[in-house]
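Here, each number is a calculation from the coordinates, and none is a lab measurement. Small disclaimer: the values here were computed from a predicted structure and weren't measured. Here Cβ is always computed from backbone atoms with ideal geometry, including for glycine, and neighbour counts include all displayed protein chains.
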Amino acid sequence: MRVLVSGGAGYIGSHTVITLVEAGHDVVIVDDFSNAKPTVIGRLEALTGVHLPVHAFTLTDYDKTEHLFSGEQIDAVIHFAGFKAVGESVTKPLDYYQNNLDSTFSLLRAMRRHDVHTLVFSSSATVYGAEPVLPMTEDSPTSATNPYGWTKVMIEQVLRDVAASDESWRIAALRYFNPVGAHPSGQIGEDPSGIPNNLMPFVAQVAVGRREKLSVFGDDYPTPDGTGVRDYIHVDDLAAGHVAALERVGSHDEPMSVWNLGTGQGISVLEVIKAFERASGREIPYEIAPRRPGDIAASYADPSRANADLRWYATKTIDDMCADTWRWQSNNPNGYPDA
Ligand code: WQD
């Protein structure tokens with residue numbers, strides 16, 4: 001299939017582009033580069049050996065989005081593009097609602113106009129809210145504790161209603177747990193701008209000497225070692241889940257499907273630190289700091305529906321995730337070059 005990947009220059013999007021090409025699909029990228037560097041594209045073309053058409057604009061611009069579908073023969077879309085920083089969404093809610101929702105509305109309208117009805121949407125385990133029942137299943141109730149999370153809940157509802165309105169739609173929402181890791185080549189990886197919000201990139205920057213030490217946000221949670229527990233999933237396992245969903249949803253008889261993409265295993269902050277020290281051979285200095293507002297004690301998936309429906313399984317361990325992250329970070333201490 002010829003697949004449009006929105007946000008294809010981003011962390012998860014770029015890894016999915018490689019997996020799509022390796023699975024024999026053609027890829028077209030649209031990205032506004034608000035949270036990605038153009039140098040990613042050269043890395044992707046070197047790794048895939050193919051030319052990747054890139055359209056650089058925001059999907060909130062309907063005219064440009066519609067024009068893209070007029071000029072490119074698109075068979076399906078994987079929609080990653082969106083603002084995704086939880087803390088920023090609290091301070092800039094209008095930007096988050098407008099960008100994430102308008103870009104989705106614009107994309108859906110352009111798809112409908114051009115008879116493209118296969119869509120895989122990048123959702124998140126954040127839709128399970130503040131007090132999830134563990135392990136989270138797709139039937140768990142959804143809610144959110146921040147505007148970013150609400151955009152995911154709302155977009156899933158829009159997709160559910162659009163799918164119900166016209167049986168030609170084939171839509172999948174994939175709820176990611178905690179994406180980490182990097183392509184084994186060390187050429188692409190997570191490159192957050194500014195101070196990383198997320199644990200793994202922060203640990204990697206401590207290991208490579210960009211940050212002095214890690215603050216562990218709380219060690220008094222009701223977890224085995226008191227620190228936060230999360231279901232970390234390798235970004236390449238996540239990418240494989242997208243390709244499996246794309247190929248399944250096109251033939252699936254359900255207009256709208258929801259699948260968790262997680263390992264089903266919970267790993268604590270201290271366990272991540274130890275794994276990263278093993279992978280890098282570097283000590284990770286840390287201090288115990290107060291809990292971060294909005295954090296939950298533990299989050300991990302029940303991935304059995306994706307295992308059964310997609311015949312997809314997470315394969316990589318936390319040691320693989322740390323080794324691949326370290327290779328990326330040590331090869332690119334300051335992330336992607338600007339040019
Ligand atoms: C993981 C654990 C922290 C940083 C977020 C978003 C979620 C999704 C994934 C988009 C927690 C602890 C972290 C640090 C720490 N993003 N931590 N020191 O919060 O589970 O999920 O990213 O969909 O929507 O909420 O990930 O990596 O920020 O935190 O101790 O400097 O590491 O308390 O226990 P989180 P995270």
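Summary of values
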item	result
Candidate set: region 115-146, residues that are within 10 Å of the ligand (Cβ to nearest atom) and in contact with a helix residue (DSSP H, G or I) (Cβ under 6 Å, 6 or more places away or on another chain); chosen: the one nearest to ARG170 (Cα to Cα)	SER123
Total residues in region 264-276, condition in contact with a Phe, Trp or Tyr (Cβ under 7 Å, 6 or more places away or on another chain) and either more than 14 Å from THR317 (Cβ to Cβ) or away from the ligand (no atom under 13 Å from the Cβ) (or both)	3
Residue match in region 219-232 (condition: touching an Asp or Glu at 6+ places or on another chain (Cβ under 7 Å), charged (D, E, K, R) and under 22 Å from HIS183 (Cβ atoms))	no
Pick from region 277-293, criterion part of a loop (DSSP other than H, G, I, E, B) and more than 12 Å from the ligand (Cβ to nearest atom), ranking: surrounded by the fewest Cβ atoms within 10 Å (Cβ to Cβ)	GLY281
Selection count, region 253-268, where residues are in a strand (DSSP E or B) and of a type in the set (S, T, N, Q)	3
Residue within region 231-252 that is part of a strand (DSSP E or B), within 13 Å of the ligand (Cβ to nearest atom) and under 21 Å from ALA323 (Cβ atoms) present	yes
Total residues in region 7-38, condition over 11 Å from ALA239 (Cβ atoms), of a type in the set (A, V, I, L, M) and in a loop (DSSP other than H, G, I, E, B)	2
Matching option when the condition is touching a residue at least 40 places away in the same chain (Cβ under 8 Å) and either surrounded by fewer than 17 Cβ atoms within 10 Å (Cβ to Cβ) or touching a helix residue (DSSP H, G or I) at 6+ places or on another chain (Cβ under 8 Å) (or both), among LEU214, LEU270	LEU214
Scan of region 130-174 for residues that are within 23 Å of ASP75 (Cβ to Cβ) and not in a helix (DSSP H, G or I), ordered by number	ASP166, GLU167, SER168, TRP169, ARG170, ILE171, ALA172, ALA173, LEU174
Candidate set from region 80-110 (those that are surrounded by fewer than 19 Cβ atoms within 10 Å (Cβ to Cβ) and among the charged types (D, E, K, R)); member that is nearest to the ligand (Cβ to nearest atom)	GLU88
Residue within region 142-153 that is crowded, with 20+ Cβ neighbours inside 10 Å, more than 27 Å from GLY8 (Cβ to Cβ) and more than 17 Å from the chain's Cα centre (by Cα) present	no
Some residue of region 294-305 being under 21 Å from TYR221 (Cβ atoms), within 16 Å of the ligand (Cβ to nearest atom) and loosely packed, with under 15 Cβ neighbours inside 10 Å	yes
Filtered residues of region 112-129 (kept if within 18 Å of PRO147 (Cβ to Cβ), outside any strand (DSSP E or B) and without any contact (Cβ under 8 Å) to a residue 60 or more places away in the chain)	THR126, VAL127, GLY129
Test for PRO196: is it surrounded by 15 or more Cβ atoms within 10 Å (Cβ to Cβ), within 13 Å of the ligand (Cβ to nearest atom), farther than 17 Å from PRO293 by Cα and of a type outside the set (Phe, Trp, Tyr)	no
Looking only at region 253-263, and only at residues there that are away from the ligand (no atom under 12 Å from the Cβ) and not charged (D, E, K, R), the one that is farthest from VAL158 (Cα to Cα)	THR263
Tally, over region 39-66, of residues that are surrounded by fewer than 19 Cβ atoms within 10 Å (Cβ to Cβ), in a loop (DSSP other than H, G, I, E, B) and among the polar types (S, T, N, Q)	1
Complete set of residues in region 86-111 that are over 21 Å from the mean Cα position of the chain (by Cα) and touching a residue at least 12 places away in the same chain (Cβ under 8 Å)	ARG109, ALA110, MET111
Hits in region 67-79 (condition: assigned to a helix (DSSP H, G or I) and buried (at least 16 other Cβ atoms within 10 Å of the Cβ))	LEU68, PHE69
